1. Students sometimes get this wrong: rank A:THR285, A:THR62 by accessible area, probe 1.4 Å, all chains present, largest first.
2. What do you get for trypsin sites (Lys or Arg not before Pro) in region A:142-221 restricted to DSSP loop and a cutoff of at most 15 other Cβ within 10 Å of the site's Cβ?
3. Rg to Rh ratio, region B:2-92, alpha-carbon atoms and Kirkwood radius?
4. Bins of 10 Å, beginning at zero and ending with the bin holding the largest distance: percent of Cα pairs per bin for chain A, please.
5. Would you mind telling me the antiparallel percentage of the DSSP bridges in the protein assembly as shown, rounded to 5?
6. Starting from the Cα of A:LYS306, draw a straight line to each of the lysines and keep only those under 24 Å, dropping any in the same chain fewer than 8 residues away.
7. Please report the relative contact order for region A:1-116, taking Cα pairs under 8 Å with a sequence separation of at least 6, and give it as a percent rounded to a whole number.
8. In deg cm²/dmol and to the nearest 500, what is the mean residue ellipticity at 222 nm of the protein assembly as shown if only DSSP H runs of at least 4 residues count, each as -39500 (n - 2.57), divided by the residue total?
Amino acid sequence: MDDLHMDALVIGGGIAGMQSALDLGDQGFQVALVERDPSIGGRMITLSKVFPTLDCCSCITTPKMSAVAHHPNIHLYTYCEIQSVQEHGAGFDVSILQKPRYVDISKCTGCRECEYECPITVPSPFDRNLGAYRAIRVPFSTAVPQKAVLDPEYCLWCGKCEQKCPVEAIDFSQQPETFTIEADSIIMATGFDLTPVSTKKEYGAGKLHNVIDPLMMERFLAPTGPYGRVLRPGDGKEPGSIAYVQCAGSRDETLGITYCSRVCCMYAIKQAMLLNGALPMADITIYYMDIRTFGKGYEQFYQNAKAMGVNFVRGKVASIREDADQNPILKVEMTDTGEIVEQTFDLVVLSQGIVPASHPTVSLPLGSDGFISVPAPDSAPCVTGRPGIFVTGTAAGPMDIVDSIVSASAAAAEASAYIRENGSRLEVEKEALYA
Amino acid sequence: MTTQTLSRAELLKQLRTTHAESVKRAQELLKEQKHMQQELCAFFREKPRTVPEAAQATGIPADKVLWFVAAMKKYGIVAEAGMCGDYPLYKKVEEN
């Protein structure tokens, strides 16, 4: 692969990274969008609906994914990892590893014949491992690019997929390949992870089948979810009672996560409302310390949920254990009265906090919370401590989708100003060529 | 043509050698999955059943049965067939 010159390189193909790339691409800049997964879309493509409008997430994300893929100024590199970032004048030389898909994407039509032929079934991280796909597969139905990828960790190298492929796209000779992109600026859009549940021993440390994380519930509520309906993962029962445990991994000094994750109240309320529609007979209880509904229309959303019959209880959940039928039992301290009560549910959702996703090999100052530090958060919230590198979305700190999109456009504006100020290397080269 | 076929076979053989450890794990997983699919399909062929019923009959943990049933449903091997109380029923999809 030849070395490439770009005005900007965006790391991460979630909603924030895509928005930054689109904004820069629309201004005429040449943009490389690098994504570590085989498809762009990030977390947002896995979600059911957005709050407070309850619009379909896929309906918002998919057109953006498509726009990125078809934009004449955006060069998409999926299934790639950043290996190193070296300063080069006012810009950067970024070394990137292209992992082998074992599929020639110029031939693959995404027909999934290989996937149906593959004999081995493996957990699908897209469905939080509650669903499955095959060792060779198209990652999900709206993946961009809509191309198959083979997982060497599970492949038997039996060659059945190759025999079945109607366009001879399977290529077992592919090797990891390293290439360099010279970029004038970089935007970090590396996203978030949930607080690891294994650290919360009093909540079962991830070992209780019917205590799940909120992204699992998102998949249950999405039309493309693993079961096609809401079932509890322990035994496939349709839950009649569901509890949400707020601040399960945020505002928690024992975990070293003292900040509020900002989105948990709203996604819990949203999921409760959606559950009310999916399971009209189910009792839904949200145990909270405070409800924080700070955004436009959010307080009304909360009031609507209460009016719909969602039960909000002010109390701190001390522990969760399960009975013989795997029903979670919550021990709750009612904050207002000091009373300790125990309540059994069919399913419990831990409203886990947001922590930064593992950053690629880009040396950047981090804040005490582990997110990328921004020295002037009030006046330049997307500018990092390293000139030419900008940050957007949850890589900078917990934020919701609306704020991520705003932040993405802000980061694109900062990058645009930086490129213009320092002179695009592409423009300098063009000028030299025609001088 | 023969040379091309041979080189393909050699390539696969080489990949199996390079990935020997993961191939071994995948082979064991495949064996387990084949066995599980046979047992579950035979059970769901008789009449529509729930996940706990299948777990009890086969001795496979219910969460594992559900995961595999979800996979079989995705690939058209089983289908939902109504509800029994709070549990969906699943049946084997007969091949034409």
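1. Details: A:THR285 10, A:THR62 40 Å².
Sorted descending by solvent-accessible area, the residues read A:THR62, A:THR285.
2. On the way: sites: A:LYS147, A:LYS160, A:LYS164, A:LYS200, A:LYS201, A:LYS207, A:ARG219; in loops: A:LYS147, A:LYS200, A:LYS207.
Filter output for region A:142-221: A:LYS207.
3. Working: Rg = 18.2 Å, Rh = 15.1 Å.
Over the Cα atoms of region B:2-92, Rg/Rh equals 1.20.
4. Going out from 0 Å in 10 Å bins, chain A shows 4, 20, 28, 25, 16, 6, 1, 0, 0 percent.
5. Values: 47 of 81 bridges.
Expressed as a percentage, antiparallel bridges in the protein assembly as shown total about 60.
6. A:LYS49, A:LYS270, A:LYS296, A:LYS316, A:LYS331
7. 22 percent
8. Details: 13 runs with 166 residues, N = 531.
My calculation for the protein assembly as shown gives -10000 deg cm²/dmol from helical runs alone.
The values are calculated or read from the model by the stated rules, or taken from the named source; none is laboratory data. Just so it is clear, the model here is predicted, and its values are computed rather than measured. Methodologically, a virtual Cβ is constructed for each residue, glycine included, from the backbone with ideal geometry; neighbour enumeration extends over all protein chains shown. Only protein heavy atoms, including side chains, enter the accessible area calculation; ligands, DNA and RNA are left aside. Shrake-Rupley method; radii C 1.70, N 1.55, O 1.52, S 1.80 Å.
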